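Before anything else, here's the structure in question.
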Amino acid sequence: MDRIFKRYRGKGFRFTPQRLAILKYLEGNTSHPAADDIYMAIKREYPTVSFATVYNTVEMLKEVGEVQEITIDPERKHYDPNPNPHHHIICTECNKIVDVFVDYSDVLNLPAGLKREFAVAGNHVDFYGVCRDCRNQPE
Ligand code: ZN
Ligand code: MN
C-alpha cells in the first residue's frame, strides 16, 4: 500500500476509501477488468460507491499512465494496470483476455513510405482464439 501512496501522491490524486479500494483491486490484477467488473468488486466492500466514481477513477488513472485501456473486446473496454507495452489474446467465446509478453517490434515492419512519415512510438498486436476451457465445453 505504501508503494501505491508514493506513486500517486505526486500526481494530484486525492485518496478516498473508495478510490483506495479501486487502486488495491487493480494493483497486480491481470484479469483485464471492464469498468463494471471493477464496480461490482468495489461495491461488495463499499455498497454506496457509484459507477461514475469507479469509471472516473480508472479514466483518471489512464490519463496519468497508470492504467492502459484495452480495446480488443468490441463489446466493452477493459483496463490493464500493467503500463508496460505488451500484447493480448482474447477468447472469442468467453472474452477472457490474456497477456502476450513478446516483443514483435522486429517483425512488425511498416512500409518504407510510412516509416518516413512516422516516428513509430509503439505497436499492439491483438490475437483471437478459443481458450482451452471453452474448447472443452460440452455442447
Ligand atoms: Zn474462453
Ligand atoms: Mn495486459
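All but one of (1) assigned to a helix (DSSP H, G or I); (2) within 20 Å of the chain's Cα centre (by Cα); (3) at pLDDT below 95 hold for residue 115, so report the exception by its number.
Unmet condition: (2).
Pick from 80, 126: which is within 12 Å of ligand 2 (Cβ to nearest atom) and within 17 Å of residue 35 (Cα to Cα)?
80
Enumerate the pairs (first residue in region 87-107 and closer than 12 Å to residue 127 by Cα and in a strand (DSSP E or B); second residue anywhere and more than 14 Å from ligand 1 (Cβ to nearest atom) and among the aromatic types (Phe, Trp, Tyr)) with beta-carbon separation below 8 Å, excluding pairs fewer than 6 apart on the same chain, so at least 6 apart or on different chains.
87/101; 87/104
Report whether or not residue 65 is at positive phi, out of contact with any Lys or Arg (no Cβ under 6 Å at 6 or more places or on another chain) and either of a type in the set (Val, Ile, Thr) or away from ligand 2 (no atom under 14 Å from the Cβ) (or both).
Judged against the criteria, residue 65 is a match.
Output the number of the condition that residue 60 fails; it satisfies all remaining conditions of (1) touching a residue at least 40 places away in the same chain (Cβ under 8 Å); (2) within 16 Å of ligand 2 (Cβ to nearest atom); (3) surrounded by 15 or more Cβ atoms within 10 Å (Cβ to Cβ).
(2)
The values are calculated or read from the model by the stated rules, or taken from the named source; none is laboratory data. Nothing here was measured: the structure is a model prediction, and the numbers come from that model. A quick note on method: Cβ atoms are made from the backbone with ideal geometry, for glycine too, and the neighbour counts reach across all protein chains shown.
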